[in-house]
Amino acid sequence: MASLLRSPLPCGLNLTASTSDHEAFAGFSASSVRALKISNSPLILRRPRNAYLRILRSNEKRVYVTEASEEPFGLSQEIIDSEQRFAERDTVLDPFKELEYRFLDFKRRNYVENLVNYQNLAQQQAPKFMVVACADSRVCPTSILGFQPGEAFTVRNVANLVPPFEHGASETNAALEFAVNSLEVPNILVIGHSRCGGIQALMSMKENAESRSFIRDWVSVGKSARLSTKAAAGGQSFEMQCRHCEKESINGSLLNLLTYPWIEKRVTEGALALHGGYYDFVNCNFEKWTLVYRKGLEGGSKYAIKDRCLWS
Ligand SMILES: [Zn+2]
C-alpha cells in the first residue's frame, strides 16, 4: 500500500512515496492527466499545465520524491522502470553496468532537469569552441574545462596534432572543416598535456627507421616541433625535451591551422581566434594563450602570442 507524505513545493506539487507507489504511477498513462489520485488515499495531486513528474531517489529505503518540472510524464516513468531494473541486478563488477548506472544518473540529474536545452540541441548546435585534444584517457576536455553538451565541437587524436593543409584528408581536418565552415565556431582551442605518450613517440623516433607504424606516421606531423625542440632544449633530459615539445607542438598545430585557406580567411576577418592550451595533470594547472596573426606583415613576424595566462 502506498504511504504518502505531502509537503509544499514551489509548483504546488510534492509527493514522497514508497517503492510500492510505482504501481500507482504506472497505472497512469498520461500526457493528458491533469490530476493524480493515489489508490486508497484521499490525496489528489494536481499537475500544473505543462508540468510533469520528476523522480529523485533518496538514500533511504528507495524512497522516491516527485515534483513538478518541464519533462514528459512518460520519461519519468521510464526512469523509474530503469532504476528498478538496475536495482534488481546483482552488484557484480561489470564496467557496462557501471556505465548504465552513470547514463541513467545523467538522464535523471542532467537531461531531465535541462530538457528544454536538450530539445533545442536536438534541432541544432552552435558551439563556441572547436577543440583539438589528445586521445589520452587522462585528458578529457569536457571533464577538465566543464564543457556542457553543445559547447565544444571536439576531435581527439594522438598528441593533439593538426596536420598542415597539404597533408591531405584526415579525421582531424574533416572535423575542422565542418566546425569552421558549417558551424562557424569563433574559437579553436588546441589542448596539449603533460606526459604525452604521442609526444614521447615523436621525440624518440629514429630517423630513417625501417619499421613503420601508424603511430610513427601520424606523430611525424609534429616533426617541426621536434626539430625546434632539439635546437632549443637538446642538451636537457629526455623528459624535459618532451615537456618542451609538448608545448612547441601546440604552437606548430596553431600555425598549421593557418595553412587552411578557410581558417586563414576567418582569422584575418576577425571571425575566428586560435588558442593554445596546456594541461599539466601532474601539478593540475592549465596554461592558455592566443595566437595573433597579421597577414601580409612586412618584416618581423606575422605571428605573436598574447594573453598568456596560467590557471592554477
Ligand atoms: Zn597525449
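Against the condition in a loop (DSSP other than H, G, I, E, B), more than 12 Å from V158 (Cβ to Cβ) and in the same structural domain as G168 (by TED's automatic domain parsing), how does N208 come out, does it pass? Criteria met by N208.
Every condition in (1) more than 25 Å from the chain's Cα centre (by Cα); (2) within 16 Å of the ligand (Cβ to nearest atom) holds for F286 except the one numbered (1).
Is there a residue in segment 108-123 that is crowded, with 17+ Cβ neighbours inside 10 Å, away from the ligand (no atom under 14 Å from the Cβ) and of a type in the set (K, R)? Scanning segment 108-123, I find at least one residue that is crowded, with 17+ Cβ neighbours inside 10 Å, away from the ligand (no atom under 14 Å from the Cβ) and of a type in the set (K, R), so the answer is yes.
Here the condition is being touching a strand residue (DSSP E or B) at 6+ places or on another chain (Cβ under 7 Å), assigned by TED's automatic domain parsing to the domain that holds C140, more than 16 Å from the ligand (Cβ to nearest atom) and modelled with pLDDT of 95 or more; of A159, A179, A174, it holds for A179 alone. Filtered by the rule that a residue be crowded, with 16+ Cβ neighbours inside 10 Å and within 18 Å of the chain's Cα centre (by Cα), segment 174-185 gives A175, L176, A179, V185.
Screening segment 214-246 for residues that are among the polar types (S, T, N, Q) and more than 16 Å from the ligand (Cβ to nearest atom) and picking the one that is nearest to N160 (Cα to Cα) gives S224.
The values are calculated or read from the model by the stated rules, or taken from the named source; none is laboratory data. Predicted, not measured: the structure shown is a model, and the values here were computed from it. Please note: Cβ atoms are built from the backbone with ideal geometry, for glycine as well, and neighbour counts cover all protein chains shown.
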